[in-house]
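Right, one structure below, let's go through it.
What follows draws every value from the coordinates through simple rules; no lab data is involved. Keep in mind the model is a prediction, meaning the values are calculated, not measured. Here the Cβ is made from the backbone with ideal geometry for all residues, glycine too, and neighbour counts use every protein chain on show.
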Amino acid sequence: MMPPVERLILSRGWRRWLTAFTAGAIGALAMPPFGFLPAFVLSLAPAIWLLDGTVKDGPSRRTALTAAGLVGWFWGFGYFVAGLWWLGAAFLVEADQFAWAMPFGVLGLPAALAVFPAAGFALARLFWLRDAWRILAFAFGLSVSEWLRGHLFTGFPWNSPGMALGQNLWLMQSASLVGLYGLTFLSLCIGAAPAILLTGRTARDRWSAPALAAALLLGLAAFGAWRVPGEASAAVPDVRLRIMQPNLPQDAKFNPRNREAIMRRYLGLSASPGKDGNDHASATHIIWPESAFPFLLHRDPGSLAQIGGLLGPGSVLITGAARMDMPLPGEAVGKFFNAIQVIDDRGTILSSYDKVHLVPFGEYVPKFLDSLIKALGLRQFVHIPGGFEPSPKRTALTVPGLPPVAATICYEAIFPGEILAEGPRPDVILNVTNDGWFGQTTGPYQHFAQARLRAVEEGLPLVRAANTGISAIVDPFGRIVDQLPLGVDGIIDSYLPVAESPTVYSKWGRFSLTALLLICLIILIVRRGQQTPFP
């Protein structure tokens, strides 16, 4: 009787595609909030075996690469459907308007994103080898495609395989050396290596790759244990933070008639006693989440005065808020920006940061689709007329009483190596977000985990204010100082952890990844030259 693994390798047609889809879906269990690392092995081992099967698809290289690409596409489709299903919740916030588009988010986006692992599998197949070195080919191919996924077409590195290692406190510390994409390469090597146990030609083949993967995993854990100090991070002097999490339903924020009720809720929560009896007047900085108001705050003197009345002398409030520039000659309305604004105790806006990396369809509609949507009589997803404009340049946010701030809004925090502005290094990452679109799903957990990893990469503390959660203070090692869970309202009173020295990744991030992949490519070329090549 043929062994199960050999039957899988020899599978064709729908059996091959179904196996690939199922394996990809299992891999999503390694992502937040589950973090089940063995699921990555159960996902990647079948991927290796299915790629082995493409060797027998025919003598043509084109046939082999096409077969590998199809395996990668079905694997990626399963991975993204299982990992991004929560996007469907956003279409139900205004179901009467947008429920029709739900399949495009739940199935269409995963289908498009699956093109990247399809390319990665095909690239891996190009360097496929007969021994355990094919694990390196697999990690190389998929790492390249993951980097492309994070950069092409505005980029979307959500649930990159590196997050399999990016949730455990010790394992995530290697991000300070190689960042998310380096963690992706390492996680692919570790997760795929056990596949060789059942397909190696010799005992040495069968055990060498898994043993090296186990040693690598232990090495990463040892490095993390060494890097994380035993004591808590020191506090920035004379800074007391208060984060307000209102937990407002998303549909309530759309209605301008709720403006007074929303402001009362924000002010009331912000002024409530802390869990340790702290008074809001002791806070030097109060932080509110993204998209806090269903109106333009900078055009509302009354609301600004209320905010000023909340604050103690010398204190400031930092909040997400849409803002509009004055219209230029010939413009009917000015340009809108998704912004963070800093307000003092007189109700004066002192400084602002405009979002650079906008969410396609969520914050703007690509121009080539805008006219089509209007022609079909459909309403845009974007509630701002014409959508938001991106800031042309990332700038640091100036906040009285705080060291330089790297400001990020919503999913800007998922992009490694892109959150720091040019100029002096900041001492804190600020992330304001509104994940209320996605309800009690896995999406907000995934978002928080990715923002947390930015703190480790850069060696900077993270201060995060989220409408429905997860709001948190995270130190430069990824340790959670305090947090509010998803789906509750409340406040966090906390100190601000001191930043660490610049990490290796902070200084050399892109160069370290390039060097890693270049070394890998050289090894694969040399090893392939020493073997009889596959088609």
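Applying 1/(1 + (r/R0)^6) with R0 = 30 Å to the Cβ-Cβ distance of Leu197 and Trp14 gives a FRET efficiency near 0.65. Measure nothing fancy, just the Cα-based angle from helix 504-529's long axis to the longest principal axis of the chain, in degrees from 0 to 90, nearest 10. Around 10 degrees separate the two axes.
Cross-link partners for Lys56 among the aspartates and glutamates, with Cα-Cα distance under 13 Å and sequence neighbours closer than 8 places in the same chain left out: Glu6. Our coupling estimate for segment 80-94, obtained by passing each phi through the Karplus curve with A = 6.51, B = -1.76, C = 1.60 and θ = phi - 60°, is 7, 4, 6, x, 10, 4, 5, 4, x, 4, 5, 6, 9, 4, 10 Hz, Gly and Pro reported as x. Look at the alpha carbon pairs under 8 Å that are at least 6 residues apart: their mean separation over the length of segment 35-115 gives a relative contact order of 29 percent. Between Asp205 and Ala235, the FRET efficiency from the beta-carbon distance, with R0 = 51 Å, is close to 0.45. Ordered by the count of other Cβ atoms within 10 Å of each Cβ, fewest first, Cys410, Cys189 give Cys189, Cys410. Taking the DSSP beta bridges with both ends in the chain, the antiparallel portion is around 60 percent. Packing, as the average of other Cβ atoms within 10 Å across residues, places the peptides 204-213, 74-83, 164-173 in the order 74-83, 164-173, 204-213, highest first.
Could you please state, rounded to a whole Å, how far the C-alpha centre of segment 430-444 is from the C-alpha centre of segment 224-238? Centre-to-centre distance over Cα atoms comes out at 28 Å. Listing Glu418, Glu231 from fewest to most neighbouring C-beta atoms within 10 Å gives Glu231, Glu418.
What does the charge count around Thr408 come to, taking other residues whose C-beta lies under 11 Å from its C-beta (Lys +1, Arg +1, Asp -1, Glu -1)?
Combined, the nearby Lys, Arg, Asp and Glu give +1.
What is the sum of charges around Ser303, taking Lys and Arg as +1, Asp and Glu as -1, for the other residues whose C-beta is under 14 Å from the C-beta of Ser303?
+4
For segment 117-238, rounded, prolate or oblate, judged on the Cα gyration tensor with a ≥ b ≥ c (square roots of eigenvalues), a/c < 1.5 rounded, else prolate if a/b > b/c? Oblate, since a/c reaches 1.5 and b/c is not below a/b. As a test of the formula, what do you get for the chain when each DSSP H run with n ≥ 4 contributes -39,500 (n - 2.57) and the sum is divided by the residue count, at 222 nm and rounded to the nearest 500 deg cm²/dmol? After summing the helix terms and dividing by residue count, I get -13000 deg cm²/dmol. Here the chain is treated with +1 on each Lys and Arg Cβ and -1 on each Asp and Glu Cβ, and its dipole about the Cα centre works out to around 1980 debye. If R0 is taken as 60 Å, the Cβ-Cβ distance between Ile525 and Gln97 corresponds to a FRET efficiency of 0.65. The H on the amide N of Asn467, modeled in the peptide plane, is under 5 Å from the matching H of Glu290, Thr433, Asn434, Asp435, Gly436, each at least 5 residues off or on a different chain. Ordered by the number of other Cβ atoms lying within 10 Å of each residue's own Cβ, fewest first, Ser315, Ser174, Ser501, Ser282 fall into the sequence Ser501, Ser282, Ser315, Ser174.
With an 8 Å cut-off on Cα pairs and a minimum separation of 6 or more residues, tell me the relative contact order of segment 425-502 in percent.
Reported as a whole number, the value is 29 percent.
Spatially, segment 100-165 and segment 275-307 are offset by 42 Å when compared through their Cα centroids.
Annotation: amide H of Ala407 within the under-5 Å range of Leu397, Leu430, sequence separation 5 or more or interchain, hydrogens built in the peptide plane. The amide H of Val228, built 1.01 Å from its N in the peptide plane, has no neighbour under 5 Å, considering only residues 5 or more places off or on other chains. Each Cα pair under 8 Å and six or more residues apart adds its sequence gap; the mean of these over the residue count of segment 55-195 is a relative contact order of 20 percent. Among the listed pairs Lys253/Lys507; Lys355/Lys507; Lys253/Lys275, which have their C-alpha atoms separated by more than 30 angstrom in this model? Table pairs above 30 Å Cα-Cα are Lys253/Lys507. Counting Lys and Arg as +1 and Asp and Glu as -1 over every other residue whose Cβ lies under 12 Å from the Cβ of Ser315, the net charge comes to -1. Rounded to the nearest 10 degrees, what's the angle between the helix 203-227 long axis and the longest principal axis of the chain, both from Cα atoms, 0 to 90? Taking the Cα atoms of the chain, the angle to 203-227 is about 20 degrees.
Against the longest principal axis of the chain, how steep is helix 259-271, in degrees 0 to 90 to the nearest 10, with axes from Cα atoms? The angle comes out at about 90 degrees.
Take every DSSP beta bridge with both residues inside segment 394-535 and express the antiparallel ones as a percent of the total, to the nearest 5. Antiparallel bridges make up about 45 percent of those DSSP assigns within segment 394-535. Spin-label model, Thr348 to Asn255: label points 7 Å out along the Cα-to-beta-carbon direction sit 3.7 nm apart.
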